[in-house]
Each structure stands twice: as structure tokens, then as C-alpha cells.
Amino acid sequence: MSSISEPVRLGVVGLGRAFMLTLPAFRDPRLRLVAAAAPRPESRAAFEAEFGGRAHATVEALAADPEVEAVYVATPHQMHAEHVQLLARAGKHVLVDKPLAVSLEDADRMVAAAAAGGVQLIVGPSHSFDAPVALARRLIDSGALGRVRMVQAFNYTDFLYRPRRPEELRTEEGGGVLFSQGVHQVDIVRLLCGGEALQVSAMTGAWDPARPTEGAYSALVSFRGGAFASLTYSGYAHFDSDIWMDGVGELGAKKAPEAYGRARRALEGLDASAEAALKSTRTYGTAGALPEPGHHEHFGPVLVLCDRADLRLTPDGVEISGDFERRFEPAPLIGHPRRTVVDALVAAVREGRAPAQTGAWGRASLELCHAILRSADTGAPVPLTRQCRPGATGTPMHEEIHP
Ligand SMILES: NC(=O)c1ccc[n+]([C@@H]2O[C@H](COP(=O)([O-])OP(=O)(O)OC[C@H]3O[C@@H](n4cnc5c(N)ncnc54)[C@H](O)[C@@H]3O)[C@@H](O)[C@H]2O)c1
């Protein structure tokens, strides 16, 4: 049994782009990177050279490693289900990157496997971990602002023109903007509105035949308690909504004006295999250093309209427009923006304290993403049945309503 102050011994599956983005936060005295699983020998060698731990060739070997207490799973979405179930069965706590899974059936199995294994399952990093989102939630919970009535979240990016592997452009394999991007926005909005979405009406756009998946959506969601939210995202955008986030990009660094158009320019003239090769230059062991974040991460403009004030989330905190005054409540950046994910992981493993973003929470966000696709397909509103409040660990909403 490890003592409460000992660093959590962490393993990693998937030494790709997501690991690169989260690694700076993992350089924290409360964690020790002790093992990894990676199919590519170069990645294993890079991991062992940097961390001195054990790099295994398979997830099975990592699951059997007695040194490992918890594992960050950052493999492609469609592998999450198999990897998480295997690790949970072996008694490892799991932090799985979003989305929890591609299919809801897999999500159900993963939540059940974590419960059966008696382990914590956390879905993240997602932008619902961003400190300004947590600050907005605390302001709402204080009760001083009245009830949340309406939320607007929008984000305009070049996501669809960043380098992709072919399956990332096939919706049935988890491609398109809903599973990779929409799930961030859904997570944030659910957190601000209490979590339990009732119904969604949506439209999606698949506007580029060369990249045949959904690149845009608009959704209108109702919540238990009466709030409603509109969520809009475009990964085809020319307009960059980071301009409304003080010029700070998603990862918390100021954007250089000369970066405009860079994603589309880099893809010019590439076939699918050259594009996949370009993607692999952005991963752990191959990519250059990331820009230093001076701000929190964010996922585009978010406005929360409450009875007595409106909140605007920024990369540095929350602007509060009340009846008679406007003020700014800062969210100080302590260490790396993704430190909040490490806080959640350490609290879960060392103190058994579940964060908002449990497996059940991630399943509910995934359900909403699927419902957006289905509503767009059928033209009808889609009711939701697997929704839950932050921190829930099991029961879907409909069972709570109709016991
Ligand atoms: N939170 C974020 O900011 C963020 C950013 C990017 C990606 N992601 C998420 O992370 C996940 C991975 O995406 P990515 O862009 O990093 O992909 P990626 O292709 O860059 O990385 C995936 C890695 O998994 C490895 N892998 C494949 N099969 C494996 C196996 N059987 N065992 C061990 N490793 C295996 C690959 O070699 C690769 O290194 C996705 O679910 C994505 O949604 C999150």
C-alpha cells in the first residue's frame, strides 16, 4: 500500500501527440513515469532514455507490471475500450484521453470494468479541466448569481486541415469533429449546466468531399433544471475564434500572426500516406518543443447567462457582468495548464476521490456527441438517457428518474 504522499507511479499507453501535449504537466513531483507500452521501438527507446522506466511492447505486459499503479491511455479512440478494460481488470487506475470510446456499448463495458476492478476511471484531459471552467462552476455553485439559464459555446478552428490518418476522416471509426473536438465543448457545457442533458436538436456539416466526415455542427441542448445551451463548432473555419480569446490559442500560448493559414499550407500537395507521415512528426520523440503556455488552455468563447450576472470565460479567468458592475475574477496559472488533470489523478489514486470527469461522465458526453450526429441525420430531436451529474460513477439518469 503506497503512502498518501508518495508519487503516483504512472504508466503510459500511446506515446503520440496527446502524450506530448500532456507530458509537461506530468513533470510533477506528485507523479513518477515508470513504464510505457508502445509498438514502435523508437518510441520505447525514447521513453526509456528520458524516464529510465520500462517500455513494454504490449499493453498486456504493461498491465502485468507490478510497479505501475495508474495508466494514462492515449491511443487512438477506437483502441480505448480494449486498453482500458484490460488495465482495469489488472487493477490499474486509468486516465483515458477523450473521448472515452467511440461506441456507447464500449463505454458501458468500460464503466462496468472499472467498477468491477475497483479502480478509478477518469476521462481527460478535456477542456472541462481548464481552470477558468472550474472557476465558473464555483461561481455558479456559490448561489450568488442565481440559476444558469443559457450557455453559448462556439469555436472556429482549422481542425479538419491538421494532418490526419485516414481513419480520422471516417466517422464510423471515431473520425470527424464530434468525437475529437465536440466532446470538449460538450464536457464544458455539461459541467456548467449541471450535467444532465435531456434532449438535443442538431445539424452537422460535411462540406469537403476530400475529407468526407463531419467538420461542423450546431446543436441546441436542453438540461434538467431548465437551462439550455447552443454549441457551435467548425473545423473548416477561415475565421479563427481565438481572436476573441485575446489571441491565445487552445493550448494557452499566444498565437503568432504569421501562423495564419499554416495548417492548410502544410497539407498542400500531400497524398494520404504523406499526410499520415506528417502527423507522425508531431508525436513524442519526433516533434519539436511546444510553445510555452502563459495562460490557461481553452476551447473557444463560452458565455454563461445566469439570473443576476453573465459570465465570459477567458484564458485567464472569468469576466462577471452583474446588474451594476463588471469585474474580472482571475484564475491564477500555477505550473502547467494541465496541472488540474494531475490534481484529479492524484486525488483519485491517493484519496479515492472521484473527479467530475468519471467514466460515467465521459459516457454521457459521448452519448451527447452521438445524439448530435443522429439528430442531424434524422432531422428530429434526440432524447438522452445516459446523462449524469459531475462525479457520478455508474447509474444512468433514466434509472435515477424512474427507479
Ligand atoms: N486532450 C488532448 O489535448 C488531445 C490531443 C490530441 C489527441 N487526444 C486524444 O488522444 C488519443 C490519441 O490521439 P493522438 O492524436 O495522440 O494520436 P497519435 O496517433 O499521435 O498517437 C497514438 C499513439 O498510440 C500508439 N499506439 C497505437 N497502437 C498502440 C498499441 N496497441 N499499444 C500502444 N500504443 C499504441 C501509436 O504508436 C501512437 O504513438 C485520441 O483519443 C485523441 O482524441 C487528446
Pair list, Cβ < 9 Å and 6+ apart or interchain, from the stretch 251-269 residues that are more than 22 Å from residue 297 (Cβ to Cβ) to residues that are of a type in the set (Ser, Thr, Tyr) and surrounded by 16 or more Cβ atoms within 10 Å (Cβ to Cβ): 264/161; 266/161; 267/161
I'm trying to understand the selection: among the residues of the stretch 208-224, which are β-branched (Val, Ile, Thr) and either surrounded by 24 or more Cβ atoms within 10 Å (Cβ to Cβ) or closer than 15 Å to residue 375 by Cα (or both)? 221
Given (1) hydrophobic (A, V, I, L, M, F, W, C); (2) under 30 Å from residue 329 (Cβ atoms); (3) in a loop (DSSP other than H, G, I, E, B); (4) not assigned by TED's automatic domain parsing to the domain that holds residue 168, index of the condition residue 95 fails: (3)
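Check 49, 18 and return the single one that is among the hydrophobic types (A, V, I, L, M, F, W, C) and either assigned to a loop (DSSP other than H, G, I, E, B) or touching a Phe, Trp or Tyr at 6+ places or on another chain (Cβ under 9 Å) (or both).
18
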I'd like the full set of residues that are in contact (Cβ under 8 Å) with a residue 40 or more places away in the chain, under 22 Å from residue 17 (Cα atoms) and touching a strand residue (DSSP E or B) at 6+ places or on another chain (Cβ under 6 Å), limited to the stretch 69-83. 70, 71, 72, 73, 75, 83
Being within 21 Å of residue 129 (Cβ to Cβ), crowded, with 23+ Cβ neighbours inside 10 Å and among the small types (Gly, Ala, Ser): is that true of residue 182 here? yes
Quick one: how many residues across the stretch 26-68 are in contact with a strand residue (DSSP E or B) (Cβ under 7 Å, 6 or more places away or on another chain) and of a type in the set (D, E, K, R)? 7
Every residue from the stretch 239-250 that is more than 16 Å from the ligand (Cβ to nearest atom), touching a residue at least 24 places away in the same chain (Cβ under 8 Å) and in a loop (DSSP other than H, G, I, E, B): 239, 240, 246
Members of the stretch 355-383 found to be touching a strand residue (DSSP E or B) at 6+ places or on another chain (Cβ under 8 Å), closer than 24 Å to residue 140 by Cα and of a type in the set (A, V, I, L, M), listed by number: 364, 368
Residues that are in a helix (DSSP H, G or I), within 16 Å of the ligand (Cβ to nearest atom) and not β-branched (Val, Ile, Thr): does the stretch 108-118 have at least one? yes
Pairs under 6 Å by beta carbon, first residue under 22 Å from residue 254 (Cα atoms) in the stretch 278-293, partner surrounded by 15 or more Cβ atoms within 10 Å (Cβ to Cβ) and of a type outside the set (A, V, I, L, M, F, W, C), six or more apart or different chains? 282/17; 283/16; 283/17; 293/252; 293/337
In the stretch 332-355, anything over 20 Å from residue 112 (Cβ atoms), surrounded by fewer than 23 Cβ atoms within 10 Å (Cβ to Cβ) and not β-branched (Val, Ile, Thr) is listed as 332, 333, 335, 336, 339, 343, 344, 347, 350, 351, 353
With 289, 276, 227 as the choices, which residue is more than 16 Å from the ligand (Cβ to nearest atom), surrounded by fewer than 17 Cβ atoms within 10 Å (Cβ to Cβ) and either over 19 Å from the mean Cα position of the chain (by Cα) or not hydrophobic (A, V, I, L, M, F, W, C) (or both)? 289
Can you spot a residue in the stretch 161-173 that is of a type outside the set (Phe, Trp, Tyr), in contact with a strand residue (DSSP E or B) (Cβ under 7 Å, 6 or more places away or on another chain) and more than 11 Å from the ligand (Cβ to nearest atom)? no
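Given 71, 13, which one is among the β-branched types (Val, Ile, Thr) and near the ligand (Cβ under 10 Å from one of its atoms)?
Answer to the selection: 13.
The values are calculated or read from the model by the stated rules, or taken from the named source; none is laboratory data. In this text the structure is predicted, and so the values were computed from the model without any measurement. Counting neighbours? That spans all protein chains shown, and the Cβs are built from the backbone with ideal geometry, glycine included.
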